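The values are calculated or read from the model by the stated rules, or taken from the named source; none is laboratory data. Quick caveat: nothing in here was measured; it's all calculated off a predicted structure. Here the Cβ positions follow ideal geometry from the backbone for every residue, glycine too, while neighbour counts run over all protein chains shown.
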Amino acid sequence: MISNLYDKFVLPKLLDVCCSTKPINYQRNKIVPNAKGDILEVGIGSGLNIPYYDPKKINKIIGLDPSEELNEMAKENAAKSDINIDILIAGAEEIPLPSNSIDTVLITYTLCTIPNLADSLKEIKRVMKNDAEMIFCEHGIAPDLRIQNWQNKINPLWGKLFGGCNINRDIPKILVNSEFKIQTLEQMYLPSTPKIVGYNYWGLAKI
Ligand SMILES: C[S@@+](CC[C@H](N)C(=O)[O-])C[C@H]1O[C@@H](n2cnc3c(N)ncnc32)[C@H](O)[C@@H]1O
């Protein structure tokens, strides 16, 4: 009961605020403008990437998220944009799109949260055209052992507070294990961000 109320009334706003920091928005600006064609944004959340897309490069955006509350917030942000954007309630495990139909998948700060990553990444690959790109920016396991130890200790509690988010996932390894071909990869601790949540991986992967 309390956890339902938390998920409905607190978590969506908490995610919106925590994902809107200046360093995170700086990351969005590095990658989102590269998206082109027919775009699938997986885990669109409250739609924080929408202002960073380059409308000139885009045919259409389909944004998926399983959270009803975040869907509503994303729709409000989509309404402020001139881009053709559809927001759907769905998880990455079952994407309601035809195979081989997407030019760019954008995924930001969501691989940390998707519970069934292997099936979800398989499903993402299914909808990507052969030459499609997946643009990603995620936080994950830090390179320093001391930070890793803290990440592993805090992860169970963190997940309870932040909708199932994991702070210790090895993002490049997850992509490679799912047979994505990583084309570019950059990584660093975000400035002004606690190190346990601030180690970012971003780049481009193909199938
Ligand atoms: C930290 S938020 C990030 C939201 C957004 N991508 C951003 O960059 O602001 C994590 C998002 O993952 C979504 N999510 C959780 N489970 C998911 C799933 N199975 N498939 C797709 N998205 C999921 C959550 O609803 C939430 O919107």
* Cβ-Cβ under 7 Å pairs, at least 6 apart or on other chains, segment 118-133 side within 14 Å of ASP38 (Cα to Cα), far side of a type in the set (D, E, K, R) and away from the ligand (no atom under 16 Å from the Cβ) -> LYS129/ASP103; ALA132/ASP103; GLU133/LYS206
* To do: For segment 94-120, name all the residues that are surrounded by 13 or more Cβ atoms within 10 Å (Cβ to Cβ) and either at pLDDT below 95 or over 14 Å from the mean Cα position of the chain (by Cα) (or both).
  => ILE95, LEU97, SER101, ILE102, ASP103, ASP119
* Would you be able to say whether some residue in segment 33-51 is closer than 27 Å to ARG126 by Cβ, out of contact with any helix residue (DSSP H, G or I) (no Cβ under 8 Å at 6 or more places or on another chain) and of a type in the set (Val, Ile, Thr)? => yes
* To do: Enumerate the pairs (first residue in segment 134-159 and closer than 26 Å to ASN29 by Cα; second residue anywhere and part of a helix (DSSP H, G or I) and of a type outside the set (A, V, I, L, M)) with beta-carbon separation below 7 Å, excluding pairs fewer than 6 apart on the same chain, so at least 6 apart or on different chains.
  => ILE135/ASN34; CYS137/GLN27; HIS139/GLY198; ILE141/GLN148; ILE141/GLN151; ALA142/GLN148; ALA142/GLN151; ALA142/LYS195
* Any hit, segment 59-75, residues being among the polar types (S, T, N, Q), surrounded by 18 or more Cβ atoms within 10 Å (Cβ to Cβ) and touching a residue at least 40 places away in the same chain (Cβ under 8 Å) -> yes
* Boolean, ALA79 is surrounded by 20 or more Cβ atoms within 10 Å (Cβ to Cβ) and modelled with pLDDT of 95 or more -> no
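Which one is farthest from the chain's Cα centre (by Cα) among residues in segment 39-63 that are of a type in the set (A, V, I, L, M, F, W, C) and outside any loop (DSSP other than H, G, I, E, B)? So that I can check it myself, show each step before the final result.
Filtering segment 39-63 for residues of a type in the set (A, V, I, L, M, F, W, C) gives 39-40, 42, 44, 48, 50, 58, 61-62.
Those left that are additionally outside any loop (DSSP other than H, G, I, E, B): 39-40, 42, 50, 58, 61-62.
Values: ILE39: 13, LEU40: 11, VAL42: 6, ILE50: 13, ILE58: 19, ILE61: 15, ILE62: 14 Å.
Going through the qualifying residues, I end up with ILE58.
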* Qualifying positions in segment 30-57 - acidic (Asp, Glu) and buried (at least 23 other Cβ atoms within 10 Å of the Cβ) -> GLU41
